[in-house]
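These notes concern the structure reproduced below.
The values are calculated or read from the model by the stated rules, or taken from the named source; none is laboratory data. All values derive from a computational prediction rather than experimental measurement. With ideal geometry, Cβ positions are generated from the backbone for all residues, glycine too; neighbour counts draw on all protein chains shown.
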Amino acid sequence: MKKKMQRSLLQTLIAVLLIASVTSCQPTTPAPTPAVEATHTPAPPTPAKRVTLNILMETVPDTEYVQRLVPQFEKETGIKVNIEALTYVAMHEKLIPQLSAKQGDYDIIVVDKQWVGEFVGADWLLPLDNYIAADSFDTSVYIPAMFNMLGQVKGTTYMLPFYNYTMGLVYRTDIFEDPDIQTEYKAKFGKPLEVPTSVEEFVQIAKFLTRDEDGDGKVDLYGITQQLARGVGIHAEWANLFFSLGGWYYDENWNATVNGEEGVKALEYLIDLYKNAAPEGATGYDFDEQAQVMKQGKAATMITYSWMLAQLDNPEQSKVAGKVALAVMPGGHGVQGGWGWAIPRSAPHPDAAWKFLSWVESFEIAKQRALMGGQPTRFDVLRDPEVLKAYPYFDVIEKMIATAKPVPIFGGCAAMVDILARELSEAVAGGKDPQQAMDDAAAEMNELVIGDPLVSK
């Protein structure tokens, strides 16, 4: 009986093994899953791709100061910043196709005062008012003249003012205070030699100070160094004289007025200064070449940008360091200049771009830039005790800004400057009659305003 039971168990085990081996060779069909509530454990989040802001700027000292401070922003925010710096002309040429594209390469740009009307009129700039309101960013700290030129256009804020390059007179204190030159000037004109306060007096002094000091028949000291290369420089040289004589580009009905008495007289003075007080090569000078003449101690005066004095007063760059000072343009009205920060509508990362703008224009960062030599647009930075201690002449710059004149804001402003630069150049270097040059400029300027969305006629 026992053996029979063992044999039966063995047979049963063999049968089970055979069934299992056959089943294992068949395709596997998953058993149905009971209907239960689904549960999901999310995968760990993928780290966000690091944002890189691309910024286009001009090759000027204020750009260098921003570049030095960028690592602070990158450390604080984790946002990488790439700054591309180009010359003025190259910058505008590169911007136009970028701004007109649906999406461009640049998140932030800086805008020159004479591009404002062109860029706003074409609707290329992103309004900033929502960002300003959301962050309670205080725009009242900006000097009104700067904010009106590089901030708001017809009630909408498109930019934050970056830096000013308002123009004034730089003069050599050692020359103006020289006893022998003082005596000579008084003997000739019957009054002391002083910093000029009118255009006529300025031209007189510049011609008087032009001299051959070593008797070799060649001029050793020029009364003025100018930037008269065809472009924005020659326009600025003329506009400083034009404004100080009481001129303005258009009347209230947008009729060009540059061919009136003030415009023609300003051009005649410009030619007189070039022929009788400036280096012959000045018709090829931009601001760098103009400044080199002063840095080498070969000129008594120059009409230049507010930021230039820091370079002229640097003993590592200039032979006249400690011997230069800044004054409001003779006649009382220099050229108002400046650049503003803007976010293009085509910007890939507008929110991150605003984060940078609000950082770079904060009081702390704007002050650091000023202490490096940057040119403030904020009252609180311009008047800061530490900043004024480092740059006492900033009080003069505030007066320059308060009295200077901008360019008109309309779409054709940059073209207007090009037209004037061409006609001024033909008169100064080419001998064209001043009245004819200004008549030709005025005719073209009248065509520019027709149909412009920012012009009300």
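Observations on the structure shown:
- Options Pro392, Pro348; residue that is assigned to a loop (DSSP other than H, G, I, E, B), closer than 30 Å to Asn82 by Cα and either without any contact (Cβ under 8 Å) to a residue 24 or more places away in the chain or not aliphatic (A, V, I, L, M) (or both): Pro348
- Residue identified as in contact (Cβ under 8 Å) with a residue 24 or more places away in the chain, among the acidic types (Asp, Glu) and more than 26 Å from Gln67 (Cβ to Cβ) among Glu262, Glu361, Glu280, Glu268: Glu268
- Checking the stated criteria, Gly331 turns out to be in contact with a helix residue (DSSP H, G or I) (Cβ under 7 Å, 6 or more places away or on another chain), in a loop (DSSP other than H, G, I, E, B) and surrounded by fewer than 24 Cβ atoms within 10 Å (Cβ to Cβ).
- Restricting Leu209, Leu169 to residues that are within 28 Å of the chain's Cα centre (by Cα), modelled with pLDDT of 95 or more and of a type in the set (A, V, I, L, M) narrows the list to Leu169.
- Any chance Asp180 is acidic (Asp, Glu), part of a loop (DSSP other than H, G, I, E, B) and either free of Cβ contacts under 8 Å to residues at least 12 places away in the same chain or outside the structural domain of Tyr305 (by TED's automatic domain parsing) (or both): no
- Only strands (runs of 3 or more DSSP E) whose full extent lies in region 71-174 are considered here, and the ones with at least 1 residues that are of a type in the set (A, V, I, L, M) and within 22 Å of Phe356 (Cβ to Cβ) are 80-86, 108-112, 160-164.
- If you go through region 298-317 and pick out every residue that is in contact with a strand residue (DSSP E or B) (Cβ under 7 Å, 6 or more places away or on another chain) and in a loop (DSSP other than H, G, I, E, B), you end up with 4.
- Restricting region 179-195 to residues that are more than 39 Å from the chain's Cα centre (by Cα) and buried (at least 17 other Cβ atoms within 10 Å of the Cβ), the residue that is nearest to Ile271 (Cα to Cα): Tyr185
- Considering Asp251, Asp272, Asp288, the condition of being within 20 Å of the chain's Cα centre (by Cα) and charged (D, E, K, R) is satisfied by Asp288 alone.
- Among the residues listed as Ser306, Ser318, the single one being crowded, with 17+ Cβ neighbours inside 10 Å, at pLDDT below 95, outside the structural domain of Ile132 (by TED's automatic domain parsing) and touching a Leu at 6+ places or on another chain (Cβ under 8 Å): Ser306
- Residue in region 388-408 that is nearest to Ala239 (Cα to Cα), counting only those that are surrounded by 20 or more Cβ atoms within 10 Å (Cβ to Cβ) and of a type in the set (Val, Ile, Thr): Val407
- Some residue of region 442-453 being in contact with a helix residue (DSSP H, G or I) (Cβ under 8 Å, 6 or more places away or on another chain), free of Cβ contacts under 8 Å to residues at least 60 places away in the same chain and not in a loop (DSSP other than H, G, I, E, B): yes
- Residue list for region 369-386, filter: among the acidic types (Asp, Glu) and either more than 17 Å from Pro161 (Cβ to Cβ) or outside any helix (DSSP H, G or I) (or both): Asp384, Glu386
- Pick from region 427-441, criterion in a helix (DSSP H, G or I) and touching a helix residue (DSSP H, G or I) at 6+ places or on another chain (Cβ under 6 Å), ranking: farthest from Val258 (Cα to Cα): Val428
- Selection status of Gln103, modelled with pLDDT under 95, assigned by TED's automatic domain parsing to the domain that holds Met57 and over 17 Å from the mean Cα position of the chain (by Cα): yes
- Of the criteria (1) in contact with a strand residue (DSSP E or B) (Cβ under 9 Å, 6 or more places away or on another chain); (2) at pLDDT below 95, which one Ala347 fails: (2)
- Evaluation of Trp354 against (1) within 20 Å of Glu58 (Cβ to Cβ); (2) surrounded by 20 or more Cβ atoms within 10 Å (Cβ to Cβ) (one fails), failing number: (1)
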